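The values are calculated or read from the model by the stated rules, or taken from the named source; none is laboratory data. Note that the coordinates shown come from a computational prediction; the quantities given were computed from them, not determined experimentally. Heads up, the Cβs are rebuilt from the backbone with ideal geometry, glycines too, and the neighbour counts pull from every protein chain shown. When the accessible area is computed, the model is the full protein with side chains, heavy atoms only, and any ligands, DNA or RNA have been set aside. Shrake-Rupley method; radii C 1.70, N 1.55, O 1.52, S 1.80 Å.
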Amino acid sequence: MDFEFSADEARLRDSVRLLLANEYTLERRQAFLTTRHGSSPEIWRLLSHQGVFSLGLPQEAGGYGGCREIMLVMEELGRRLVLEPFLSTVVLGGGLIRDQGTVAQRAHLLPKIATGELRSALAHHEAGARYVLDHLRTSARRGKGSYVITGSKAIVLDAPVVDMLIVSARDESAGGVSLFMVAPNAPGVRTTQYRTPDGRSAADLALENVRVPTAARLGPPSVALTALEQAVDCAMAARYAEAIGIIEALIELTLQTLNTRKPVGAEIGRFQQMFLMTVQAKAMSYLAADYCRDRERSERRRVLSAAKTAVGNAARFVGQQALQLHSGSGKPVELTVNHYFQRLMMIDATFGDLDHYFGAFGERADWPIENC
């Protein structure tokens, strides 16, 4: 596994870091949080000019790069706690359309994602599913030239700010899982919108006899589960990278704070442990980025589960120690640390919490730890 970045990768990282340092300060983020959904058309436009919405897409759609480039961008988005629907649109939406869509759908939709014209969100999770992707009660009944979708979806991240929902459903006509492109304001779609504890926009969906044309089905019927698994695994790796960006920001803030006073021995030891766990977690995040497109899902999931454990443990430890080392200071940095910690805890619960993946990794005792 190569931890060195090419000149192009380093330029991408540096350009996104510079943009966000200038345009997405924590003060501006606080202002965005006071708006209805927290999303900023200006920031979305600036990110589009950086070309980051093209990452992982086919060249014929104007795309370039892959998982490593997405990882670098997600680290920078995490460092600034950016609220824009990058992961929902590019990694999940773009990935599903790329892998599952028809030739015509890819030609029509992917260039719009690449330019920032189209934002999307995946509406898949259902209450009681416990992170099992093929646990679906939402159904799609096929009629003449259309489908009728009925069911509900929970915690659809970024749903209030996107132009298109990708809805999963059990295809009654063929028995498998199909994906459908649904407008958020389509007749029969009811949304309950809210903010998550870290300030992001989300919604619960009720789908009551939502009629969509057959052409709105993404790709062939009943075979979408594999593409769904692939997209979610890539999104997990991207979330790990986002967490690394946050953890590194906490390390930097803590070091600055310790440099303003004479730290005692216990504080030095805690900071050293924070730094060591961050290095280990970052290595696992890189490994996850390299494996997230592996064709063999069992191998892919072993790596992702191991990475979840490493990144999740580092997030909890670094976040808690940063809170303790800044507590009682009464300075703005203490509030900043709290925002970072809240986001880390939400990332930990996305696509499965740490306990869920620790169990998955622990069951694979035959996988040697040196593979990490």
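Counting only alpha carbon atoms, the long axis of helix 332-349 and the longest principal axis of the chain meet at about 40°. Basic side chains Lys and Arg get +1 at the Cβ, acidic Asp and Glu get -1 at the Cβ, and with that the dipole of the stretch 210-282 about its Cα centre reaches some 160 debye.
Of the residues Gly319, Ala114, Ile247, the one whose Cα sits farthest toward the positive end of the charge dipole of the chain, with +1 on the Cβ of Lys and Arg and -1 on the Cβ of Asp and Glu, is Ala114. Under 5 Å from the amide H of Leu57 lie the amide H atoms of Tyr64, each residue being 5 or more positions distant or on a separate chain, with H modelled from the backbone and absent for Pro and chain starts.
Between Asn338, Asn209, Asn22, the Gaussian network model of the chain with springs among Cα atoms under 10 angstrom shows the greatest mean-square fluctuation at Asn22. Normalised by the number of residues in the stretch 42-166, the average gap of Cα pairs under 8 Å and 6 or more apart makes the relative contact order 25 percent. When the chain is treated as a Gaussian network with alpha carbon springs shorter than 10 Å, the biggest mean-square fluctuation among Lys282, Lys308, Lys262 belongs to Lys262.
Answer rounded, prolate or oblate for the stretch 190-322, using the Cα gyration tensor with square roots of eigenvalues a ≥ b ≥ c: rounded when a/c is under 1.5, else prolate when a/b is larger than b/c, else oblate.
oblate
When the Cα positions of Met71, Gln273, Leu344 are compared along the charge dipole of the chain, Leu344 comes out farthest toward the positive end, with charges on each C-beta of Lys, Arg, Asp and Glu. Element breakdown for the stretch 210-320 at a 1.4 angstrom probe: carbon and sulfur atoms account for 56% of the accessible area. Within a straight-line Cα-Cα reach of under 13 Å, Lys153 can be paired with the following aspartates and glutamates, leaving aside sequence neighbours fewer than 8 residues apart in one chain: Glu126, Asp204, Glu208.
What size of dipole, in debye to the nearest 20, comes out for the stretch 1-159 about its Cα centre when the only charges are +1 on Lys and Arg C-beta atoms and -1 on Asp and Glu C-beta atoms?
Values: 20 positive and 18 negative charges, 175 e Å.
Dipole size: approximately 840 debye.
The Cα center of the stretch 225-255 and the Cα center of the stretch 1-49 differ in position by 15 Å. Summarising the amide proton neighbourhood of Ala123: residues at separation of 5 or more, or on other chains, whose placed amide H is nearer than 5 Å comprise Ile166, Val167, Ser168. Across the chain, the relative contact order, built from alpha-carbon pairs under 8 Å that are at least six residues apart, equals 16 percent. Classify the stretch 86-158 as rounded, prolate or oblate from the Cα gyration tensor: take a ≥ b ≥ c as the square roots of its eigenvalues, call it rounded if a/c is under 1.5, otherwise prolate when a/b beats b/c and oblate if not. Oblate shape, in that a/c is at least 1.5 and b/c is the bigger or equal ratio. Each of Leu304, Phe53, Gly38 was placed along the dipole of the chain (beta-carbon charges, centred on the mean Cα), and the one lying farthest toward the positive end is Gly38. Put Asp290, Asp233 in order of accessible area, highest first, and with a 1.4 Å probe you get Asp290, Asp233.
The charge dipole of the chain, taken about the Cα centre with unit charges on the Cβ atoms of Lys, Arg (+1) and Asp, Glu (-1), comes to about 860 debye, rounded to the nearest 20. Match the structure shown to one of the listed values [x] 20.5; [y] 22.0; [z] 21.3 of Kirkwood radius over Cα pairs in Å, computed from it, and give that label. Computed from these coordinates, Kirkwood radius over Cα pairs in Å corresponds to label [z]. Indicate the gyration tensor shape class of the stretch 123-190 (rounded, prolate or oblate), computed on the Cα atoms with a ≥ b ≥ c the square roots of the eigenvalues: a/c under 1.5 is rounded; otherwise a/b larger than b/c is prolate and the rest oblate. In terms of gyration-tensor shape, oblate. Note on the chain: antiparallel DSSP beta bridges, both residues inside, total approximately 75 percent of the bridges counted.
Accessible surface for Phe5 stands near 60 Å², nearest 10, in the context of the full protein assembly shown (1.4 Å probe).
Whole-percent P(r), the stretch 1-157, all Cα pairs, 5 Å bins from 0: 2, 8, 15, 17, 18, 15, 13, 7, 3, 2, 0.
Relative to the longest principal axis of the Cα atoms of the chain, helix 103-114 runs at roughly 30 degrees.
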